[in-house]
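Colleague: Below is one structure. I have some questions about it.
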Amino acid sequence: MNDNSTVSETQLNTLRSQIASSLEKAQAQKNTLKRKNTRYITTNIILSALAALLAGMAGTIGNARNWKVTCLFAAVCSAEVTVTTKLQTAEQLTEASECVGQLKALKVETVIPTYDLEQVSGKYQQILSEFSAIDI
């Protein structure tokens, strides 16, 4: 084995390691976004149900003294639904999932010990630039 093949082997292993590290980071980011999105969706459902319940109570069993306060609470719940809807991270989650998929595919390409270093490196750099907002 000559020095060129040793350097090449080292480069191949370095790129494999970089891809694996980026995949770990992207997967962690995806999982974080997924948990956040789930919390926002759950909050939306609870607040929507609470707003409907409060508004319904004001209309059916409310009396002249407290219907305004009940409707105010229903309106506040509805406003919070609007805010949490805006906070949802579905687009970011989709992007992170796509990044994870592309990195997994690239990782599979590096399983073969004689993969084309330049080609895989180019694809890796393309993924890094395309998904720069994901901090991988």
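The values are calculated or read from the model by the stated rules, or taken from the named source; none is laboratory data. Being a predicted model, the structure only gives us computed values, none of them experimental. Quick reminder, even Gly has a Cβ in these numbers, built from the backbone with ideal geometry, and neighbours come from all protein chains shown. To get the accessible areas, we keep the full protein, side chains included, count just its heavy atoms, and leave off ligands, DNA and RNA. Shrake-Rupley method; radii C 1.70, N 1.55, O 1.52, S 1.80 Å.
Colleague: Those residues that are surrounded by fewer than 16 Cβ atoms within 10 Å (Cβ to Cβ) and farther than 20 Å from Leu72 by Cβ, I need them from the stretch 32-55; list them, please.
Modeller: Thr32, Lys34, Arg35, Lys36, Thr38, Arg39, Ile41, Thr42, Ile45, listed by residue number.
Colleague: Here is a further query. Any residue in the stretch 84-108 that is farther than 18 Å from Ile45 by Cβ sitting within a Cβ distance under 6 Å of a residue that is among the aromatic types (Phe, Trp, Tyr) and part of a loop (DSSP other than H, G, I, E, B)? List the pairs, counting only those 6 or more apart or interchain.
Modeller: Cys99/Phe131
Colleague: Further question: Answer yes or no as to whether Arg65 is without any contact (Cβ under 8 Å) to a residue 60 or more places away in the chain, assigned to a helix (DSSP H, G or I), open to solvent by 40 Å² or more (accessible area, probe 1.4 Å) and among the basic types (Lys, Arg). Show your work before the answer.
Modeller: Values: without any contact (Cβ under 8 Å) to a residue 60 or more places away in the chain: yes; assigned to a helix (DSSP H, G or I): no; open to solvent by 40 Å² or more (accessible area, probe 1.4 Å): yes; among the basic types (Lys, Arg): yes.
Judged against the criteria, Arg65 is not a match.
Colleague: If I ask for residues that are in contact with a Lys or Arg (Cβ under 8 Å, 6 or more places away or on another chain) and in a loop (DSSP other than H, G, I, E, B), which ones from the stretch 89-136 would you list?
Modeller: Within the stretch 89-136, Thr89, Thr110, Asp135, Ile136 qualify.
Each row is one residue, and each column tells you yes or no for (1) under 30 Å from Gln126 (Cβ atoms); (2) modelled with pLDDT under 95; (3) of a type in the set (S, T, N, Q).
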position	(1), (2), (3)
Asn13	yes, yes, yes
Leu23	yes, no, no
Gln27	yes, no, yes
Ile61	no, yes, no
Thr70	no, yes, yes
Phe73	no, yes, no
Cys77	no, yes, no
Thr82	no, yes, yes
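Colleague: Another one. Out of the stretch 82-136, which residues are over 15 Å from Leu15 (Cβ atoms), surrounded by fewer than 18 Cβ atoms within 10 Å (Cβ to Cβ) and among the aliphatic types (A, V, I, L, M)?
Modeller: Val83, Leu87, Ala90, Ala133
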